[in-house]
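Worksheet: one structure, shown below.
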Amino acid sequence: MLKNCEECGKVFAHPTRVLCEDCYKKVQASYQAVKEYLQQHPGATVAEVAQATESDVDLIYQFIREGRLSVVPKDAGLTCEICGTPIQVGRICRKCRGELDPSSVRGPQPESRKQPDEARVRYLDQIRRRR
Ligand SMILES: [Zn+2]
Ligand SMILES: [Zn+2]
């Protein structure tokens, strides 16, 4: 499965990658540098990060869009996926994250939530009856 690298146009073979080995390594190195710089400078702008890591601004925006950065530049234009509030870290704002119950990630399910309690009550009743 031969294809042309999206970055340099070189022909290479890989089932999923769109970049040749050299370009892929370059992107990975940039990603590491960008990630580490942002962890050390959480308030940095895209331009600052690009300059400090010698990375392409487009590449940094690509990392942001892909959600690969846990800390994003402050002018990345990132918004909460739930309420749309501008955020600097992650994909969901602190408020929505706080309100999100890990057990209800797939949406509120009041019916199935009641069941364990009812089952437990029934179980306790059985125990009481046995005594
Ligand atoms: Zn390439
Ligand atoms: Zn939110």
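The values are calculated or read from the model by the stated rules, or taken from the named source; none is laboratory data. Bear in mind the structure is a predicted one, so any value in this text is a computation, not a measurement. Because the Cβ atoms are built from the backbone with ideal geometry, glycine has one as well, and the counts that use them run over all protein chains shown.
Number of residues in the range 88-129 that are assigned to a loop (DSSP other than H, G, I, E, B), of a type in the set (A, V, I, L, M, F, W, C), surrounded by 10 or more Cβ atoms within 10 Å (Cβ to Cβ) and at pLDDT below 80 equals 1.
If you take the residues of the range 32-85 that are of a type in the set (Ser, Thr, Tyr) and within 16 Å of ligand 2 (Cβ to nearest atom), which of them is modelled with the lowest pLDDT? Show your work before the answer.
Taking the range 32-85 as the starting set, the residues that turn out to be of a type in the set (Ser, Thr, Tyr) are 37, 45, 53, 55, 61, 70, 79, 85.
Next cut, within 16 Å of ligand 2 (Cβ to nearest atom) only: 79, 85.
Working: Thr79: 84, Thr85: 88.
Only one residue tops the list, namely Thr79.
Within the set of pairs 6 or more residues apart or between chains, which connect a residue that is more than 16 Å from Arg68 (Cβ to Cβ) inside the range 31-44 to a residue that is basic (Lys, Arg) and not in a helix (DSSP H, G or I) with Cβ atoms less than 6 Å apart? Within 6 Å, the pairs are Gly43/Lys74. Return a yes/no flag: does the range 1-20 have any residue that is surrounded by 12 or more Cβ atoms within 10 Å (Cβ to Cβ) and assigned to a helix (DSSP H, G or I). Within the range 1-20 (the criterion being surrounded by 12 or more Cβ atoms within 10 Å (Cβ to Cβ) and assigned to a helix (DSSP H, G or I)), the answer is no, since none of the residues qualifies.
Looking at the range 45-83, which of the residues that are touching a Phe, Trp or Tyr at 6+ places or on another chain (Cβ under 7 Å) and in a loop (DSSP other than H, G, I, E, B) is farthest from Cys23 (Cα to Cα)? Applying the filter and picking the extreme gives Leu69.
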